[in-house]
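Notes to accompany the following structure.
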Amino acid sequence: MTPEEFVRALAAWALVHEVADDGWKAAVARGSDSAAGAGPGPESFVDVLSALVAREKERLKAEIGSEPGGDGAGMGPGQEAIRFEIAELRGRIEALQASVDALASRGQAES
Amino acid sequence: MGRAAHIASVFTRRFASGVVRSRLGTSPTARAELARQTRLAFEELGPGFVKLGQLVSVRPDIFGADLVFEMAKLRDSAPPMALEAVERQITRSLGGGPDRVFASFDPEPIASASVAQVHTATLREDYRPVWGDVLPGGAKLAVKVLREDAARLMAEDLAAAGALLGALRRVGLLRGSGADALLEESARSLASETDLRNEGRSADRFAFDFRDDPLVFAPRVVWPLSGPAVLSMEHVEGWPVCVPDAAARAGVDSRRLAIHGAHAFMRQVLELGRFHADLHPANVFVTPDGRISYLDFGIVGELSRDEREAVAEVLAGIVYGDADRALRHSARLGVVVPPHKVPKLTRDVAALMERTMGSGGRDVRHFGIGLLRLLSSSGVAVPVGYGLLVKALVTVEGVARSVHPDVDIVETAKPFVTALLARRALEPARVLERLPDAIDAAIRVLADAGQAS
């Protein structure tokens, strides 16, 4: 399991158990406020992990709440990236096509 | 008078003026005045030198901080090119004149700079861009047209400028022997900037990177109407951030936008690893509906995952006034301090942090310039990426504060720094190492909260 998957799993759990207790909320607040792993102690680790999970939870909530349709909606990040790369390739081909057309019309004008 | 003689005369006059105004001193004020006169000379000498000055402004690894930040103020404007030349460029690139390829075309340029000029036009039919909604037929476009002789003129001026770099080194405005590197970089940049498609691709990539941010966007590129010498993009209505009053009059919440803009920059650096490295107040637009649009993607910096983590550690060091942490992780970005210089440099950086980032309020500009000066005076080489990043941070703070003076860009970095370092802390090996202590701590946190409630 990658760190991202681990955080996402915790976030999914947090989303299902939306009414979190005060201890967790306080840890989220401390973690969001600290610049990060600044402290070496285990408390700091728990705080930043809580903040990270809370952020991922909000992201999950937004994903679930968004309606399908529109640009890239309903796609996973991997699919979106592939779609972008293909569209980027299309852009390159369209610009090349414009250059080829320009060369052809220049050739016609000269002949 | 020949071109070389003209260049020599302009520099002689400007340096003489700089020396007189600075009263022959070597103080920071004198260095700043000499840098200002150099910038004015570059402006006076035209397109090739403007381009060279712009390159100087993004190379704090080679040039002194005074010159780098002064060159960032260069005004890149040039007399407009004749309409016939514009029509020739469009016809050569797109196979038809402006009247044929666009529904309408305004012959008056809206901007004219050393490399290109920009006209407005109207899109003839709907176009589906690489990313974003379809641009409808009739949409207003900004059409950037490369000057016909841009590449040749700049190559000539850059060649003449080579000799001048030696002179700059002699008066202390140029460090080390980086002039050759700069000229090589100039040639590469020239090749990239004289193919406008590179800029269009960076804009598309930026639009994709910020697809989930409703407040930040890049103009959509119309690729069938673009080529090496013509770039057709969506026209962005609004105001450059350097005129915040206009946006405020239109009811835009400038403080919120300034904070969001700084946040967007931190996201580019710390999350995406690609950042707009030529930010300038004129390159960032505020739209009437309260969004931010970045323009002009000529120079883009890139950071690997490891470099992003190192930047996060350096920022964490700055936030906590921990000079040792900042310097230790700077080494991962290529700033290698010889062991015998570490103690003194650490003390100097700590003192600089105390002066500029301490309880009296954060001043990233003075910290950034001071840090580059300290590294330079200690004989520590600054890699190009590190220099670009420091300069970009300073510029972002300047842009954000020009919109709203109380924006603290270090504060906007915190959530990204937290996420990045926490993610690293969650790598399986590290988790296993820390898990027992973390479980104990979690139990303590929850138990304490239970007792308190």
**OP:** Would you mind getting me the FRET efficiency between B:LYS140 and B:ASP289? Use the beta-carbon distance for r and R0 = 25 Å, nearest 0.05.
**Re:** 0.95
**OP:** Only Cα pairs under 8 Å and at least 6 apart count here; give the relative contact order of region B:87-153 as a rounded whole percent.
**Re:** 28
Original post:
Would you list B:THR194, B:THR120, B:THR38, B:THR12 from fewest to most Cβ contacts within 10 Å?
Top reply: B:THR12, B:THR120, B:THR194, B:THR38
Original post:
Hey, what do the phi angles of region B:301-314 turn into as Karplus ³J(HN,Hα) couplings, whole Hz, using 6.51/-1.76/1.60 and θ = phi - 60°, x for Gly and Pro?
Top reply: x, 10, 9, 6, 4, 5, 5, 4, 5, 5, 4, 4, 5, 5
**OP:** Kindly put B:LEU303, B:LEU34 in sequence by how many other C-beta atoms sit within 10 Å of each C-beta, fewest to most.
**Re:** B:LEU303, B:LEU34
Subject >> Amide proton proximity set for B:VAL300, modelled H, under 5 Å, gap of 5+ >> reply: B:ALA277
Original post:
Can you work out the FRET efficiency for the pair B:THR120 and B:GLU302, with r the C-beta to C-beta distance and R0 = 25 Å, to the nearest 0.05?
Top reply: 0.20
Original post:
Using θ = phi - 60° and the Karplus curve 6.51 cos²θ - 1.76 cosθ + 1.60, what whole-Hz ³J(HN,Hα) does each residue of region B:114-124 get, with Gly and Pro shown as x?
Top reply: 5, 9, 8, 9, 10, 10, 9, 8, 10, 6, 6
Original post:
For region B:315-419, what size does the Cα cloud have along each of its three principal axes, sorted from largest down, in whole Å?
Top reply: 42, 29, 28
Original post:
Normalised by the residues of region B:211-331, what does the relative contact order come to in percent, with Cα pairs under 8 Å and at least six apart?
Top reply: 25
Original post:
B:ALA111's amide H: which non-local residues (gap 5+, or another chain) put their own amide H closer than 5 Å, with H modeled 1.01 Å from N in plane and none for Pro or chain starts?
Top reply: B:VAL118
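Just so you know, all these numbers are worked out from the coordinates, no wet-lab data involved. This structure is a prediction, so every number in the text was calculated from the model and none was measured. Don't worry about glycine lacking a Cβ; one is built from the backbone with ideal geometry, like all the others, and counts go over all protein chains shown.
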